[in-house]
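See below for the structure under consideration.
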Amino acid sequence: MTEELIQIREGRSTDIPFVTNSWLKSFRSNGTFSQLVPNDIYYQQHHRILESIIPRGLLLVLCSMDDPDQILGWALTERQGEILILHYVYVKHSLRRNGLMTTLLGELERHEKPAFKFTTHMTATWDELNPKRKGWIYNPYALFSSLPEDWNHEDHRH
């Protein structure tokens, strides 16, 4: 897939089910710490985290130029002052190793021009990209500092 056939757009509410589903499944199978957590705990707790951070973040969607509803990949970020926090980036498995993630992250960095770049989720795929060389710092604590204080209370659930 060439860059002429793709576009990057802001996420829409209709994208959220795909983002949530792909994030949970991808991180479950490829995440550094998530593989040690039992399924019922992982899916329940991590879904609640996503419900809290997705609405506040900037969701960029990589999609087909011909069909903007055909999601090829996405990235969820959040800005905290001079810090750009990348919570997760995803590209469909069949499209990986084509430079799409690099394209998406490059556009994000050009737009945001961050002084510091943190990522809150580590996966084997992300690690293969050698993110430290590109200035990304793995800081899972940035995820928890960006959650509202009551994210884990019963009355906060939707």
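Of all residues in segment 109-124, those satisfying the criterion of being surrounded by fewer than 20 Cβ atoms within 10 Å (Cβ to Cβ) and more than 14 Å from F27 (Cβ to Cβ) are E109, R110, H111, E112, K113, P114, A115, F116. Of T32, T2, T14, which residue is surrounded by 11 or more Cβ atoms within 10 Å (Cβ to Cβ), among the hydroxyl-bearing types (S, T, Y) and either over 13 Å from the mean Cα position of the chain (by Cα) or at pLDDT 90 or above (or both)? None of the others qualify; the one that does is T32. Look at segment 38-77 and say how many of its residues are in a helix (DSSP H, G or I) and under 18 Å from P140 (Cβ atoms). The total comes to 10.
Report, by residue number, each residue of segment 78-106 that is in a strand (DSSP E or B) and surrounded by fewer than 22 Cβ atoms within 10 Å (Cβ to Cβ). The answer is E78, R79, Q80, I83. Annotation: of all residues in segment 1-44 being touching a residue at least 24 places away in the same chain (Cβ under 8 Å) and of a type in the set (S, T, Y), the one that is farthest from T119 (Cα to Cα) is T14.
The values are calculated or read from the model by the stated rules, or taken from the named source; none is laboratory data. Every value quoted in this text rests on a predicted model; they were computed, and no experiment measured them. Because the Cβ atoms are built from the backbone with ideal geometry, glycine has one as well, and the counts that use them run over all protein chains shown.
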